Amino acid sequence: MRSDIVKKGLERAPHRSLFKAMGYTDQEIAAPLVGIVNAQNEVVPGHIHLDQIAEAVKAGVRMGGGTPMEFPCIAVCDGIAMGHIGMHYSLASREVIADSIEIMAMAHGFDALVLIPNCDKVVPGMLMAAGRLNIPTILVSGGPMLAGNMDHNSPALSLSNMFEAVGSVKAGRLSEVELLAAENAACPSCGSCSGMFTANSMNCLTEVLGMGLPGNGTIPAVYAERIRLAKEAGLAVMKLLKADLKPRDIMTDAAFKNALTVDMALGCSTNSILHLPAIAHEVGITLDLDLVNEISSKTPNLCKLSPAGSDHIEDLYFAGGVQAVMAELSRKDLLDLSLPTVTGKSIADNLKGVVNRNPKVIRPVDNPYSETGGIAVLRGNLAPDGCVVKRSAVAEEMLRHRGPARVFESEEQVSAAILGGKINKGDIVVIRYEGPKGGPGMREMLAPTSALAGMGLDKDVALITDGRFSGATRGASIGHVSPEAAEGGPIAFVQEGDIIEIDMIAGTIHLAVSDEELAKRRENWTPPVPKVQHGYLARYARMVSSANTGAVLKAK
């Protein structure tokens, strides 16, 4: 066992004495040592209950003959961090999470790991660590929040409705009394926010990658079934250890293609196009953005989950969950079903007996919302290395759009302009110097997109940024523009009033400025002084790579 390096032999008597100082018996020390990586805290609603998940996991590990040893992991709530300095730290926390798990696992010789995340950057950060360490590992999340309800006759609510409500109040379409009523109802339980936002996107895709048990992405946080799943995960990791089945055996090139396929069918957050390449990078696989369009071109979009539609994750759960979506896709041979999973079985075995229980929530594969997937990568002279849009959440009339650029140097500037009524129908808002390096940290921009939606402009105004958008964003919101402005990408040279042409059908984005004029603007451009010059964010900005490569940290 790997743990023999910390407990076996004459020379390890001092080490064993330290284990005994914590109350471990000789029998527990002799058993496989399983690290339980728990991201529980009292800050994040998706994580506040993870102590219950951890206790259930530990019970499963003990039933399987192992000794569970819990240690913590940080977690940022993107909703609480939104709209202020905190959002600079969200994406950047992903690398800290991966690094800290590597440190703990290597320092203490664990034989296996169970990862317990729930929210946005924690899931990919933990999967990155799993791929890097390559010891038997399983992930079990805390599960989604229930959707909110004002009453039995009102549409279900989620956090995205709250951000949009701010714009509605500013536009006089909603009173502050109504805002407070929605505020009290939108988030009725613990768990990751109830739509197909980034957290739930990544928890669902963990199932597809084969690193989580069926149900990981959709069983509600408050259901007893979630506790049972956690116990099963503890048992399963012991079986993985016995079989010596490791993350790199599971997270193969074919597994990532499966994940992208289900991503397109579900209409996941655009952040998945940051995180999947970063996870793949840790196992030595390169996911090129062109693969996204290749897979999207042949994958039907089967779900319209909030913010793209009125359904929520609990509706997907009742319809059969991620496995039912995979079963639909398998009817057209769109998935590789031969791949191994943490169940110890193949995907094909896992799908036996799975049915789509609600074709209104999961459209049949021969009657999709669209014949192409929920996410598109656009390229052109404004984004030579690509940019990303959640096409399934864009109104049909905005799939092709041409308009004048309204240029802003930060999220704060554009939010003030939107709420101040200075953005007009037909405008294309450009927000730059918000990329991985320039932000730094590539902030999510849910506030401006939600303000536009709340003011009724989401079908008339497009946004383009080298930053990113929340999974809760809807509308023509195009992010991850690469290269970013801080590295001299063409987005740095856009001027107020320049005409921009967007075609999400053809996959193009074009700045209607001649090559000669762009070259002249480039010559006159001076790189900006870094916004942050000390602390973690300064180091992160120096080391981070472009969004089109997953915004991973450079080796040198």
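The values are calculated or read from the model by the stated rules, or taken from the named source; none is laboratory data. All values derive from a computational prediction rather than experimental measurement. A quick note on method: Cβ atoms are made from the backbone with ideal geometry, for glycine too, and the neighbour counts reach across all protein chains shown. Just the protein is used for accessible areas: all its heavy atoms, side chains included, with ligands, DNA and RNA removed. Shrake-Rupley method; radii C 1.70, N 1.55, O 1.52, S 1.80 Å.
I want the local charge near LEU50. Using Cβ-Cβ distances under 13 Å, sum +1 for each Lys or Arg and -1 for each Asp or Glu among the other residues.
My count for the surroundings of LEU50 gives -2.
Among ILE295, GLY217, GLY421, flag the residue with its Cα farthest along the positive direction of the charge dipole of the chain, charges on Cβ as +1 for Lys/Arg and -1 for Asp/Glu.
GLY217
May I ask you to derive the relative contact order of the stretch 304-418, considering only C-alpha pairs under 8 Å and at least 6 residues apart, and to give it as an integer percent?
Here the relative contact order equals 22 percent.
Quick one: how many Å² of ASP51 are accessible to a 1.4 Å probe, rounded to 10?
70 Å²
Looking at LEU159, VAL114, TRP525, which one has the Cα that reaches farthest to the positive end of the dipole of the chain (charges on Cβ: Lys, Arg +1; Asp, Glu -1)?
VAL114
Using a probe radius of 1.4 Å on heavy atoms only, what accessible surface per residue do you get for the stretch 1-102? Whole Å² is fine.
Accessible surface, normalised per residue, equals 46 Å².
Please work out the average accessible area per residue across the stretch 407-522, using the 1.4 Å probe convention, and give it in Å².
About 28 Å² of surface per residue is accessible.
For the stretch 89-126 and the stretch 497-542, what is the separation of their Cα centres, given in Å?
32 Å
Accessible area of the chain with a 1.4 Å probe: how many percent of it is carbon plus sulfur?
That fraction is 53 percent.
Tell me the relative contact order for the stretch 1-80 as a rounded percent, counting alpha carbon contacts under 8 Å between residues six or more apart.
31 percent
For LYS422 and SER154, compute 0.36 nm times the residue count separating them, minus their Cα-Cα distance, and round to one decimal in nm.
93.3 nm
Solvent-accessible area of LYS422, probe 1.4 Å, all protein chains present, reported in Å² to the nearest ten, please.
Accessible area of LYS422: about 130 Å².
Quick one: if the Förster radius is 41 Å, what FRET efficiency do LYS8 and LYS298 give, using the C-beta to C-beta distance and rounding to 0.05?
0.20
Separation between the ASN358 and LEU399 pseudo-spin-labels, each 7 Å from Cα along Cα→Cβ, expressed in nm?
2.6 nm
All other residues with a Cβ under 15 Å from the Cβ of LEU291 taken together, and with Lys, Arg as +1 and Asp, Glu as -1, what is their net charge?
-4
Among the complete DSSP H segments of the chain, which ones combine at least 30 Å of alpha-carbon extent along their axis with a mean Kyte-Doolittle hydropathy of -0.5 or more?
None clear 30 Å together with a mean of -0.5.
Just the accessible area for SER160, please: 1.4 Å probe, Å², rounded to the nearest 10?
SER160 exposes around 10 Å² with every protein chain in place.
So, for the stretch 271-366, what is the accessible surface per residue at a probe of 1.4 Å, expressed in square angstrom?
On a per-residue basis, the stretch 271-366 sits at 39 Å².
Going by accessible area, probe 1.4 Å, with all protein chains left in place, what is the ranking of LYS242, LYS7, LYS425, LYS520, largest first?
LYS242, LYS425, LYS520, LYS7
For the stretch 403-468, which semi-axes, largest first and in whole Å, follow from the square roots of 5 times the eigenvalues of its Cα gyration tensor?
19, 12, 10
Would you work out the relative contact order for the chain, in percent, from Cα pairs under 8 angstrom that are 6 or more residues apart?
Relative contact order, the chain: 14 percent.
Normalise the Cα radius of gyration of the stretch 318-453 by 2.2 N^0.38 Å (N = residues in it) and let me know the number.
Normalised by 2.2 N^0.38 Å, the Cα Rg of the stretch 318-453 equals 1.44.
Any idea what the dipole of the chain comes to, in debye rounded to 20, about its Cα centre with Lys/Arg Cβ at +1 and Asp/Glu Cβ at -1?
With Lys and Arg at +1 and Asp and Glu at -1, about 1080 debye.
Sorted from largest down, give the three principal axis spans of the alpha carbons of the chain, whole angstrom values.
Here the spans come out as 74, 53, 48 Å, largest first.
Cβ under 11 Å from GLU409's Cβ, GLU409 left aside: what net charge do those residues give with Lys, Arg +1 and Asp, Glu -1?
Overall, the nearby charge balance is -1.
Of all GluC sites (Glu not before Pro) in the stretch 1-99, which ones are in loop regions per DSSP and have a Cβ with at most 14 other Cβ atoms within 10 Å?
GLU42
Kindly identify the stretch 334-377 as rounded, prolate or oblate by the Cα gyration tensor criterion: order the square roots of the eigenvalues as a ≥ b ≥ c, call it rounded if a/c is under 1.5, otherwise compare a/b with b/c, prolate if a/b is larger, else oblate.
oblate
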